1. Looking only at the stretch 6-35, count how many residues are of a type in the set (Asp, Glu) and under 22 Å from the mean Cα position of the chain (by Cα).
2. Which members of the stretch 12-27 meet the condition of being surrounded by 15 or more Cβ atoms within 10 Å (Cβ to Cβ) and closer than 23 Å to Lys79 by Cβ?
Amino acid sequence: MRPKTLTIGACELSKPFIRTLSTLTDKSVTFLQLGMTRHDTLTFTDVFLAFPHIQKLDAYGIIPTPTWMSDILKAQKTKLSWLTMTDAYGIIPTPTWMSDILKAQTTKLSWLTMTGTAKQFGDFTLHDLTSFIQAQNLDFMVVFRIEVTGATYADKQEGRQYYDKLNVMSEKLPPGSCRVLSGCC
């Protein structure tokens, strides 16, 4: 069996389970979808060592460690064209996510989806966003899912203001440069 796409969902993942799937698929998978899985210690390194030819990864359920980017770069054998990361709670980006990707990427992205709070995305400028987009493929699309972690009016207001800021930036991007989609709350 040499599938190109593998979807794993609603199960408990472990290193032995991932290794077994890797053996059964002869490491042929280029598009891996992990949906709402549970695990205690599985990392991106484990995933890329098991499936070294991944080009597209939907990683719902793997909670990134602070070294997630270098973990992927050390273990991957094929450049990514698509990466979606969110954990069950939508906690992922750090305020330096944009510069981290620009420093480490070896290929241009076509698609990036991230879920997080306004604080996690950080305070970047239109110039920062334009530079990031220009470093990607011409058809690049970025999706921001802005989540509100608190229930107070101030928390909701912060999420709404960030959402509005992204929409204003999106309208000011050079024509045809990319699509920025954002959703809030």
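A short reminder: the numbers here are calculations on the coordinates, not readings from a lab. Please read these numbers as outputs of a predicted model, since none were measured by experiment. Note that we place each Cβ from the backbone using ideal geometry, even for glycine, and neighbour counts take in every protein chain shown.
1. So the count comes out to 1.
2. Answer for the stretch 12-27, where residues must be surrounded by 15 or more Cβ atoms within 10 Å (Cβ to Cβ) and closer than 23 Å to Lys79 by Cβ: Ile18, Leu21, Ser22, Thr25, Lys27.
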